[in-house]
1. Count, please, the residues in region A:130-169 that happen to be within 24 Å of A:S351 (Cβ to Cβ) and either within 20 Å of the chain's Cα centre (by Cα) or within 14 Å of another protein chain (Cβ to nearest Cβ) (or both).
2. What strands (runs of 3 or more DSSP E) completely inside region B:266-370 contain at least 3 residues that are in contact (Cβ under 8 Å) with a residue 40 or more places away in the chain?
3. Does region B:226-249 hold any residues that are among the basic types (K, R) and either part of a helix (DSSP H, G or I) or in contact with a helix residue (DSSP H, G or I) (Cβ under 6 Å, 6 or more places away or on another chain) (or both), and which are they?
4. Restricted to region A:39-65, and to residues that are of a type in the set (D, E) and within 13 Å of another protein chain (Cβ to nearest Cβ), which residue is nearest to A:Y126 (Cα to Cα)?
5. Report yes if A:S294 is among the polar types (S, T, N, Q), closer than 26 Å to A:Q264 by Cβ and modelled with pLDDT under 90, otherwise no.
6. Cβ-Cβ distance below 9 Å, separation of 6 or more or different chains: which pairs start in region B:20-38 with a residue that is more than 14 Å from every other protein chain (Cβ to nearest Cβ) and more than 29 Å from A:V273 (Cβ to Cβ) and end on one that is part of a strand (DSSP E or B) and among the hydrophobic types (A, V, I, L, M, F, W, C)?
7. Just the residues that are closer than 13 Å to B:R368 by Cα and among the hydrophobic types (A, V, I, L, M, F, W, C), please, taken from region B:186-196.
8. When region A:327-349 is examined, which residues are found to be at the interface with chain B (Cβ under 7 Å from one of its Cβ atoms) and hydrophobic (A, V, I, L, M, F, W, C)?
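The values are calculated or read from the model by the stated rules, or taken from the named source; none is laboratory data. This one's a predicted model, so the numbers in the text were calculated from it and none came from an experiment. Cβ coordinates were reconstructed from backbone atoms using ideal geometry, including for glycine residues, and neighbour counts include every protein chain displayed.
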Number of protein chains: 2
Amino acid sequence: MTQEVQTPRSSASNARGNARPLPERPGNGSPLGLHRVLDRERRLPQAAERLDNTLPIWSNEILIDVERLNIDAASFVQMERETGHDRAKISAIVLRNLEERGKQQNRITGSGGMLVGRVRQVGSKYRGPLKVRVGDRIATLVSLTLTPLALAEIRAVHLEKHQLDVSGHAVLFETGIAAKLPDFLPEPVAMALFDVAGAPATVDAMVKAGQRVVVLGGGGKAGTLCCVAARRKAGKKGKVIAIEPSARAAEDLERLGCCDAVLQIDARDPVAVQAAVEAATRGKMGDVVINVASVPDTETSALLSVHGKGQVLFFGMATSFTKVALGAEGIGCGAKLLFGNGYYRGHDRFSVELLRKNRALRELFCRRYG
Amino acid sequence: MTQEVQTPRSSASNARGNARPLPERPGNGSPLGLHRVLDRERRLPQAAERLDNTLPIWSNEILIDVERLNIDAASFVQMERETGHDRAKISAIVLRNLEERGKQQNRITGSGGMLVGRVRQVGSKYRGPLKVRVGDRIATLVSLTLTPLALAEIRAVHLEKHQLDVSGHAVLFETGIAAKLPDFLPEPVAMALFDVAGAPATVDAMVKAGQRVVVLGGGGKAGTLCCVAARRKAGKKGKVIAIEPSARAAEDLERLGCCDAVLQIDARDPVAVQAAVEAATRGKMGDVVINVASVPDTETSALLSVHGKGQVLFFGMATSFTKVALGAEGIGCGAKLLFGNGYYRGHDRFSVELLRKNRALRELFCRRYG
């Protein structure tokens with residue numbers, strides 16, 4: 001389970017900031033990481049067959065000592081099936097990927113995952129969005145499919161968690177994003193939080209005082225955070241209405257006290273959703289509608305919950321572009337329709353603060369995802 | 001090729017507005033047309049198996065004398081294959097659809113098309129967005145998949161145009177949209193225009209004076225209109241940059257004189273697109289990026305053409321939701337990402353005016369689509 005990897009000597013002294021700096025290659029790399037693409041054709045790192053995962057870093061990159069890989073569920077399940085749930089064989093697949101491609105991208109599913117580690121070096125010319133220092137424990141928020149990665153060892157494979165304990169290094173480009181792991185939250189809770197952190201941060205930026213906000217899938221991971229974020233901005237004169245099919249999740253959400261109404265309805269039933277939102281808003285409908293439902297075919301319900309000058313934000317990965325675009329045309333929905341964007345400056349800090357300030361929310365997340 | 005259909009007597013006298021009004025059913029129907037869904041389960045008309053296509057209309061509907069069906073390309077090609085390009089058999093499929101379902105929705109492709117006809121009756125309680133009068137020739141802009149339709153006759157099947165000449169009636173719900181056919185444009189040109197009219201109208205609403213606008217697929221049908229619309233709003237201090245792979249389309253666009261640069265690049269090459277937009281904007285990138293490219297895999301190019309506080313509008317039906325959402329995260333794109341929406345109040349009038357005022361544009365459209 002080991003692989004020869006050229007890594008600099010242990011950087012414990014660097015973490016304390018009192019040793020001489022690690023070497024860098026002269027000059028900046030491309031902020032997108034094009035300089036590490038080894039394919040003959042010009043491609044972005046995610047589309048590339050092979051990345052350069054060697055050291056030292058370019059002067060605008062960040063070097064991470066990697067501790068753990070969180071493999072994407074689709075990818076991990078594929079490897080389990082292929083190997084008959086054999087830990088050693090799963091490790092061998094990952095190491096072969098790294099040797100052949102310089103990144104952990106599943107050949108069959110195309111997907112990656114994220115990693116947890118400690119910042120070892122911040123390039124002297126790094127001008128990216130991250131405010132991290134050497135020694136910080138972080139989780140990357142960009143996919144492993146575009147992250148140069150080299151492992152010296154895979155120490156353990158956790159089948160149930162889809163995680164690998166490892167030693168090695170990874171490189172973050174200048175456009176890459178990562179989040180500092182907060183000290184007051186268990187790591188799995190923080191990871192669950194970062195996975196959806198873009199949604200509540202976007203809600204915070206969109207919602208204005210006094211507005212009516214409808215959240216489809218309001219009792220889920222992203223949904224709960226969106227409801228709390230919406231309440232803060234909409235204020236007492238606003239309304240927060242959640243649509244949530246699961247009785248248990250609806251009850252959890254009710255108990256947080258952030259919603260004016262938690263409606264237990266299947267978001268795939270547009271007629272029921274429209275009628276319920278109509279009743280809850282006295283026919284005015286939502287100013288802002290957030291769709292974080294995790295199942296397909298909820299687009300029309302979102303479109304029917306907003307008024308003609310409102311906005312709908314689609315954050316669920318089950319969203320279909322054509323169902324939104326053609327659906328809006330079919331029902332005469334004039335609202336502004338927005339893509340959810342996982343990249344939102346400061347979204348990790350925003351969501352960590354939400355949990356820090358709201359004890360009930362924190363306890364719910366620790367219970368569910370801890 | 002005929003089917004027994006109960007239709008009111010010829011309404012020539014009604015068109016002149018001097019006859020007694022046609023009958024209505026008492027009370028309003030649902031603006032979405034739920035009252036005409038005959039399925040046991042509650043569904044929207046588009047998702048329904050069967051619609052009520054009978055007369056008289058409800059008091060908030062519009063009745064149309066149908067002259068022609070423009071069948072969706074995917075649907076028409078499927079029927080051609082199934083029947084070996086047999087006109088009579090294609091007619092029989094359409095008539096059977098109408099008998100069984102009350103609407104023209106292809107059983108295999110699920111798609112419909114649009115229709116051309118003349119307004120015969122506007123319900124006395126109609127409060128929808130259309131400003132039409134009895135006698136107006138219109139094209140519906142909502143899909144046939146949600147339009148109650150009954151045909152007395154199919155007079156001709158035009159294989160090359162994917163059109164059927166027919167007699168019969170159709171019903172437009174209160175949320176439905178349609179466009180008046182302008183007298184100064186040939187019908188096929190007007191239809192080509194209405195097909196993409198939402199795009200330039202949205203561009204007109206989004207772009208501000210002095211902004212840099214990038215249009216991917218700028219030489220196509222929607223793209224050309226978007227470039228012209230962008231120029232009007234961006235003004236002399238703004239910039240309009242088109243990306244267009246076809247030499248001929250690029251030349252046509254150049255000749256219109258609305259672009260500062262027409263870059264002959266394949267929008268599927270994100271690295272090339274980014275470099276070209278960077279050069280054309282001196283590194284500032286686009287304030288507004290419009291993606292109307294008709295091929296898949298152009299999402300990343302659009303995301304790489306905008307600056308961090310800009311906006312990207314995706315109008316191409318080949319857009320993938322996940323490629324946009326995950327792509328933005330992967331390259332650290334903080335821009336606002338919008339769905340194109342075919343429903344835009346007054347978009348038909350806006351695009352007709354564009355062609356009326358711009359002779360070179362009108363001539364280009366007549367040459368290409370006439």
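1. Residues meeting the conditions: 18.
2. On the way: elements: B:286-291, B:306-314, B:336-339.
Per the criteria, B:286-291, B:306-314.
3. If we filter region B:226-249 for residues that are among the basic types (K, R), which is where we start, we get B:231-233, B:236-237, B:239, B:248.
Correct list: B:R231, B:R232, B:K233, B:R248.
4. The first filter runs over region A:39-65 and keeps only residues of a type in the set (D, E), leaving A:39, A:41, A:49, A:52, A:61, A:65.
Those still in the list that are within 13 Å of another protein chain (Cβ to nearest Cβ) too: A:39, A:41.
Values: A:D39: 25, A:E41: 27 Å.
Step by step, filter region A:39-65, then rank; the result is A:D39.
5. Details: among the polar types (S, T, N, Q): yes; closer than 26 Å to A:Q264 by Cβ: yes; modelled with pLDDT under 90: yes.
Against the criterion (among the polar types (S, T, N, Q), closer than 26 Å to A:Q264 by Cβ and modelled with pLDDT under 90), A:S294 qualifies.
6. B:L22/B:I57; B:L22/B:L63; B:P23/B:I57; B:E24/B:I57; B:E24/B:W58
7. Those that are closer than 13 Å to B:R368 by Cα and among the hydrophobic types (A, V, I, L, M, F, W, C): B:V189, B:A190, B:M191, B:A192, B:L193.
8. A:A328, A:I331, A:C333, A:L337, A:L338, A:F339
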